[in-house]
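Each value in this text was obtained by applying a stated rule to the coordinates, not by laboratory testing. Since the model is a prediction, treat every value here as computed from it, not as a measurement. Positions of Cβ are generated from backbone atoms using ideal geometry, with glycine treated the same way; all protein chains shown enter the neighbour counts.
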């Protein structure tokens, strides 16, 4: 397949940030098929927005914004658009091992489970927090104030801590 | 679990992805060859068509009102006039939706985009409420003057119109998100297209709560 310069550049961007796309899709879709569709939708929307990428924002901020916006809209939608427009059936991102540990009691599995139980915006916030973004970065991606981020993160962390404690005891 | 443990746990997940996540370049490259517009952008042609048809319909009705002012029955004239006013509001909502579509950009901040998308979807409920509101005019616009010479017919007509007016007003004021769980609401607004509308309104409230709730909390902290 012969690609133009933009497409080649785009693929490099996706390759370097594939973890972000996968983690967002994984947080919003438990079902493997839905997750595959969501990854496809995020990649497509990234491609459509690529020519308008505003360099005043960090590339990761731009990717997070699109991925989270698509994930939340996708999550809300009843009918899957891919059935009509997407000709692809193959995966864009493949995890070469099991995507979650088989040990259901493992902390990481529990963490994923707890994140999926959060409300959509809380989930986005927690994802960004765990990724190690600063409060002001999270605020820029979400469009709320940094103090708002701090309050919410505190509340969700407390929620998570309680869930872990309950589960372990 | 401590905060540091939580972060470390997430980093271990990161490392696992780093080592095992592979981009299928060929499949990703195929995406760059798809010639379609964005999800929101694809709604533009339909909206423009709807607005153009609505404006043509409104212009036609305005012309009818102007031409028939001298000789039409008051029932016909005022019924059509009410229809024009309500339909103008509906067209206004469609124009507002078109503006929202043009403004929507998925690369904007999450809350800004989701707020816009939720408003876009949620305003469909307003269109439905307005459509309910103009139901009574279908019982009045063809009333001839001579009907009132017959008391039976006029009583039947008045009764039907009153029922329609009461039902229309009741539906206009009660077709609200708060009543989404009521049986009549689910009966009238059933179907796949309504669920996203209700979810959108739910999301608008969540956005609102998110902003005000967190603000309240930080204020409380400052006070204490």
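Note on A:63, B:48: ascending count of other Cβ atoms within 10 Å places them as B:48, A:63, the fewest first. Secondary-structure-derived ellipticity at 222 nm for the protein assembly as shown, considering helices only, amounts to -24000 deg cm²/dmol, per-run term -39500 (n - 2.57) for DSSP H runs with n ≥ 4. Based on C-alpha pairs under 8 angstrom that are at least 6 apart in sequence, chain B has a relative contact order of 20 percent.
Overall, the ratio between the Cα radius of gyration of the stretch B:34-210 and 2.2 N^0.38 Å, rounded to two decimals, is 1.28. For the peptide A:68-74, the mean number of other protein chain Cβ atoms found within 10 angstrom of a residue's Cβ is 6. For the peptide B:111-120, the mean number of other protein chain Cβ atoms found within 10 angstrom of a residue's Cβ is 4.
Shape summary of the protein assembly as shown, radius of gyration then Dmax from alpha carbon positions: 26.6, 89 Å.
Approximating the spin labels as points 7 Å out from Cα along Cα→Cβ, the residue B:8-to-residue B:81 distance works out to 7.8 nm. Ranking of B:69, A:64, B:210 by neighbouring Cβ atoms within 10 Å, starting from the fewest: B:69, B:210, A:64.
Neighbour counts of C-beta atoms inside 10 Å place B:32, A:96 in the sequence A:96, B:32, starting with the fewest. Averaged over the residues of A:153-164, the number of partner chain Cβ atoms lying within 10 Å of the residue Cβ comes to 2.
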